[in-house]
1. Kindly indicate the residue of the range 75-132 that is among the acidic types (D, E) and in contact (Cβ under 8 Å) with a residue 40 or more places away in the chain and also farthest from F7 (Cα to Cα) among those meeting that condition.
2. Under 8 Å by Cβ, and 6 or more places apart or on different chains, what pairs join a residue from the range 1-12 that is closer than 11 Å to R86 by Cβ with one that is at pLDDT 75 or above and among the charged types (D, E, K, R)?
3. How about the range 42-72: which of its residues are among the aliphatic types (A, V, I, L, M), assigned to a loop (DSSP other than H, G, I, E, B), without any contact (Cβ under 8 Å) to a residue 12 or more places away in the chain and open to solvent by less than 90 Å² (accessible area, probe 1.4 Å)?
4. Considering only residues that are over 17 Å from the mean Cα position of the chain (by Cα), at pLDDT 65 or above and among the polar types (S, T, N, Q), which ones fall in the range 1-21?
5. Of A79, A38, A90, which residue is open to solvent by less than 90 Å² (accessible area, probe 1.4 Å), under 23 Å from K111 (Cβ atoms), at pLDDT 95 or above and assigned to a helix (DSSP H, G or I)?
6. Give the residues of the range 21-35 that are open to solvent by 30 Å² or more (accessible area, probe 1.4 Å) and in a loop (DSSP other than H, G, I, E, B), sorted by residue number.
7. Going through Y24, Y72, Y53 one at a time, which residue ends up being modelled with pLDDT of 95 or more and within 25 Å of N6 (Cα to Cα)?
8. Considering only the range 93-113, state which residues are assigned to a strand (DSSP E or B), touching a helix residue (DSSP H, G or I) at 6+ places or on another chain (Cβ under 7 Å) and open to solvent by 30 Å² or more (accessible area, probe 1.4 Å).
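The values are calculated or read from the model by the stated rules, or taken from the named source; none is laboratory data. Not measured: the values here are computed from a predicted model. Cβ coordinates were reconstructed from backbone atoms using ideal geometry, including for glycine residues, and neighbour counts include every protein chain displayed. Just so you know, the surface numbers come from the protein's heavy atoms only, side chains and all, with ligands and any DNA or RNA stripped out. Shrake-Rupley method; radii C 1.70, N 1.55, O 1.52, S 1.80 Å.
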Amino acid sequence: MSAAINFGTCWGRPNGQELSSPSYMATGNQVVAEAVLARWTTSRGQLIDDPNYGYNVFDLVNDDLGPTDIAYAQQQMAAEAEKDSRVLTASVSIALISGLLIITANIVTAKGPFKLVVSVSAVDVKLLLVSP
């Protein structure tokens, strides 16, 4: 049944930000991952036609994050991912490793679950893994 589900295609964003060269054509879970990443790199209120869109992970970098702050950010990021109509549920964990925020999300769509891993530094965000 999941083979009949098509998330379409989109241009991939190798650096996690605006389209750049080289790019690639994303399909399957990668399309959903790219959409979630776009939500996570857009400040709330930045889109004129959707003031409730976005939770910018760059705001977390260089912030003094305690356990409560991290728990809140994880909840907000999961909720932001779930705003995408293709995402049925999402859970997010954040870890600070060698000066990078490592964000791991378990996302469930109608096609099933997949894992998304993103690294965030003060200067860029990288989509490290979409599996499967």
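1. Step by step, filter the range 75-132, then rank; the result is D124.
2. As it stands, the answer is I5/K111; F7/R86; F7/K111, since those pairs meet every condition given.
3. Of everything in the range 42-72, just one residue is among the aliphatic types (A, V, I, L, M), assigned to a loop (DSSP other than H, G, I, E, B), without any contact (Cβ under 8 Å) to a residue 12 or more places away in the chain and open to solvent by less than 90 Å² (accessible area, probe 1.4 Å), namely L47.
4. Hit for the range 1-21 is N6, nothing else.
5. A79
6. Correct list: S21, P22, S23, Y24.
7. Exactly one of Y24, Y72, Y53 is modelled with pLDDT of 95 or more and within 25 Å of N6 (Cα to Cα), namely Y53.
8. Passing the criteria: only S93.
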